[in-house]
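Shown next, in structure tokens, is the structure this report addresses.
Each value in this text was obtained by applying a stated rule to the coordinates, not by laboratory testing. The model shown is predicted, which means the values in this text are computed figures rather than measured ones. Because the Cβ atoms are built from the backbone with ideal geometry, glycine has one as well, and the counts that use them run over all protein chains shown.
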Amino acid sequence: MQIEYTGRQIVISKKLRTQAATGLERIAKITGASANVHVVLTSEKYRHCAEITVQTRHLKLVAVCEATDMETALHEALSKVEKQAIRHKKRTITQKRRGRQDGQPGAGAPRIRGKAAVAEAALEEQQETPRKKGNGASSRANGQAAVPIVVHSFPLREMVREPHVVRSADSVALRPMTIDEAVKEAEFRDRDVFVFRDKQGDVKVLHRTRDGRMELIEAP
């Protein structure tokens, strides 16, 4: 597991690195050792924020926590990432078990056959039909040629994936501020969406467009 540390207005001490590495070792046992991890620690006055991103080949886990001290924020972020990894692993195991159960035909379940087998069965059935009637007429005598029929089978269940929602406390201002202050704060936190209240208490949203401009959205 490759770990990258980024400190914003804080020097990442050896104690914090050891705390992060210990927590990530437990997560690596769930996600695998090939994951890439980015730990971002931000300190601003009385605000201490820890953001952890774990990226694997098929999974991305993100947790952002804020506390009065950095050790608590880092502990809560590691705990959130570990819970997300456990939930994803359980969901993957459940989907695999359901897939195996659906693929095995039971006593009352219809047997699913491939396209070649279905076409061959349909052709044999059409060839045997004239002989069952006993009139000695064949399908060629009536001018009808045997046409194979292909039946498409669909899954018995449709797998529905749960949306991955991550709560971000770093995109909301805790105190009222002006528009200029909000723009600087959004730039400092590196956020494309930033929610704040102005001096009058009205809710406003800053949104960074694709061309890099910041647009102001006023809540009604």
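Quick notes
- Sequence-ordered 3J(HN,Hα) estimates for region 47-53 from the Karplus curve with 6.51, -1.76 and 1.60 and θ = phi - 60° stand at 9, 10, 10, 10, 10, 10, 10 Hz, glycine and proline given as x.
- Our coupling estimate for region 29-46, obtained by passing each phi through the Karplus curve with A = 6.51, B = -1.76, C = 1.60 and θ = phi - 60°, is 5, 9, 8, x, 7, 8, 7, 9, 10, 10, 10, 10, 10, 10, 10, 9, 6, 8 Hz, Gly and Pro reported as x.
- With a simple spin-label model that places each label point 7 Å from the Cα along the Cα-to-Cβ direction, the separation between Arg47 and Lys83 comes to 2.3 nm.
- Between region 175-201 and region 55-73, the Cα center-to-center distance that results, in Å: 23 Å
- Checking the cross-link pairs Lys15/Lys90; Lys15/Lys80; Lys45/Lys184; Lys60/Lys199; Lys45/Lys199 against a 27 Å limit on the alpha carbon distance flags Lys15/Lys90; Lys60/Lys199 as lying beyond it.
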